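Report on the structure given below.
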């Protein structure tokens with residue numbers, strides 16, 4: 001963060017946004033979200049395209065009345081829950097510590113600004 005404490009809340013938030021820590025936080029979020037979104041979209045598009053153009057393959061029976069399309073459809077739900085689970089672990093390990101540090105720095109700046117404002121008013 002900066003050594004200079006901005007006076008207004010807008011300036012403080014701008015300073016946070018311009019800080020190196022916030023840049024690392026954005027990088028951590030984006031390095032998970034963008035690749036995972038692309039991977040899931042491709043997986044979903046494969047499911048849709050196979051359902052539209054490979055009906056014979058998708059209609060192939062695996063066990064009883066369970067076919068490949070049903071298994072792929074259920075795997076869409078499984079992959080969604082796996083991504084959510086993996087994100088929660090990733091966030092706890094990489095994103096939350098950065099966000100907590102930024103929050104602590106902002107709170108410390110806020111309390112020091114408030115204390116100096118009170119001191120100025122009392123003079």
Test: residue in the range 91-99 that is within 15 Å of residue 16 (Cβ to Cβ) and in a helix (DSSP H, G or I): yes
Total residues in the range 31-49, condition touching a residue at least 24 places away in the same chain (Cβ under 8 Å), closer than 18 Å to residue 77 by Cα and within 19 Å of the chain's Cα centre (by Cα): 2
Restricting the range 1-20 to residues that are modelled with pLDDT of 85 or more and in a loop (DSSP other than H, G, I, E, B), the residue that is nearest to residue 100 (Cα to Cα): 19
Single unsatisfied condition, residue 23 versus (1) modelled with pLDDT of 95 or more; (2) surrounded by fewer than 14 Cβ atoms within 10 Å (Cβ to Cβ): (1)
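The values are calculated or read from the model by the stated rules, or taken from the named source; none is laboratory data. Small disclaimer: the values here were computed from a predicted structure and weren't measured. Glycine also receives a Cβ, built like all others from the backbone with ideal geometry; neighbour counts cover every protein chain displayed.
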